[in-house]
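Please read the structure below before turning to the comments.
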Amino acid sequence: MNDLPAWIRYLAEAGRLTPSADNSQPWRFVFDGRQLSVEFDETRGAGLGRGHPAVLLAFGALLENLVQAAHHAGIATDRWELPDFAKTGCLVRIPEPARNPGDTEIPKAIRERHTNRAPFSKDPLPPGVVQELQAFREGEAQIEVFAEPKAVSRLARLVRLASQLRFRTEEIHRWLAGSLRFTPEEVARGDGLDVATLALPPGGEMLSRFLADWRRMAFLNRFGVYRLLARIEAAQFSHAGAVVAIVGGGLSPRHWLDAGRLLERVWLTLTEAGVAVQPYFVLPDQLYRLKSGTIPAGLTVEAERLAEESAEVFAGSMPLMLLRVGTGAKPAPRSRRLPPETLLLRK
């Protein structure tokens, strides 16, 4: 990798630090000697596919990281080509810039941004941060901030109801179970969810191992275990200083990509302000599944009720991501990333 131009290494490193669904990192950076292409990796992204909203959000966030890193280093972005990602699987093509970044460091917010799943205090957001966030917009995606305890509690209820659906969906369960990393050898790979980052209660790791088998989960669901797990997840959510929602009206790939850019912009801004962040996709995911007809048989009525209640809370807008934000009670472990040589290819 050291034999590649500095601008390639700089931008690839900024992109490598992007958040993705369960740290799947479904991208690759390809240099053909003339330009850098950022593409969907068919192997790492096979579980969801490039049209899935979680993947589109991640690639939108990736584009935001690249743009912010480029501006930080004085690299112009006006000649960047943005193909139709949904059709081509290519997010952006970047020609060699006129300015070499040299030894420019990746912006601090990009380097330090991470998910904090530990408990938060209920301290209010710093003065001015709410106003700054509410001014952000990308395409049709915009920001709503919920800071009143009653509003946060109502959102926590939506998270609980959505989680009850999620814990009874085999496809989601298998994806999450396949993402968990328990042993040092698994963690060293640099992808997936290191259980140390999950802030599990005592016995939580053992329970996660046990429930990773869908047959066990499905059996225990007969006795309502999904309700208990959903309540635990919502309880954590309810103890937030505020909730920042990315909302929008459209559900096209372009809308999800825009939402991903806005998501990362908000996350970096909160990181700079010293605010801890945990993303919750469970509500948008269930609403998307309802619209796309992929809710499991027998759960459609519950999903429709969830959609009705969500529409009341968000005044008809579609929530595209929820962020639990606040002051972290303690430092949180950070997820590792795949090594650069795994992601950066030369043609």
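The values are calculated or read from the model by the stated rules, or taken from the named source; none is laboratory data. Keep in mind that this is a model prediction, so the values were computed, not measured. Positions of Cβ are generated from backbone atoms using ideal geometry, with glycine treated the same way; all protein chains shown enter the neighbour counts. Note: areas computed on protein heavy atoms with side chains; ligands, DNA, RNA excluded. Shrake-Rupley method; radii C 1.70, N 1.55, O 1.52, S 1.80 Å.
Conditions tested, residue by residue: (1) modelled with pLDDT of 95 or more; (2) surrounded by 15 or more Cβ atoms within 10 Å (Cβ to Cβ).
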{"site": "275", "(1), (2)": "no, yes"}
{"site": "279", "(1), (2)": "yes, yes"}
{"site": "315", "(1), (2)": "no, no"}
{"site": "320", "(1), (2)": "yes, yes"}
{"site": "330", "(1), (2)": "no, no"}
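The requirement of being assigned to a strand (DSSP E or B) and surrounded by 15 or more Cβ atoms within 10 Å (Cβ to Cβ) is satisfied by residue 143. Annotation note: of 160, 222, 215, 168, the sole residue that is out of contact with any Lys or Arg (no Cβ under 7 Å at 6 or more places or on another chain) and surrounded by 15 or more Cβ atoms within 10 Å (Cβ to Cβ) is 168. Of all the listed residues (306, 262, 287), the sole one being under 20 Å from residue 25 (Cα atoms) and part of a helix (DSSP H, G or I) is 262.
If you go through region 290-301 and keep only what is crowded, with 18+ Cβ neighbours inside 10 Å and not in a loop (DSSP other than H, G, I, E, B), you end up with just 290. For beta carbons closer than 9 Å, sequence separation of 6+ or different chains, a first residue in region 36-54 that is free of Cβ contacts under 8 Å to residues at least 40 places away in the same chain and a second that is open to solvent by 20 Å² or more (accessible area, probe 1.4 Å) and part of a helix (DSSP H, G or I), the qualifying pairs are 50/86; 50/253; 52/21; 52/288.
Considering each residue of region 242-260, count those that are open to solvent by 40 Å² or more (accessible area, probe 1.4 Å) and among the charged types (D, E, K, R), and give that number. Let's see the steps before the verdict.
Quick first cut of region 242-260, residues open to solvent by 40 Å² or more (accessible area, probe 1.4 Å) only: 249, 251-255.
Restricting the remaining residues to those that are among the charged types (D, E, K, R) gives 254.
So the count comes out to 1.
Out of 62, 91, one residue alone is at pLDDT 95 or above and assigned to a strand (DSSP E or B). It is 91.
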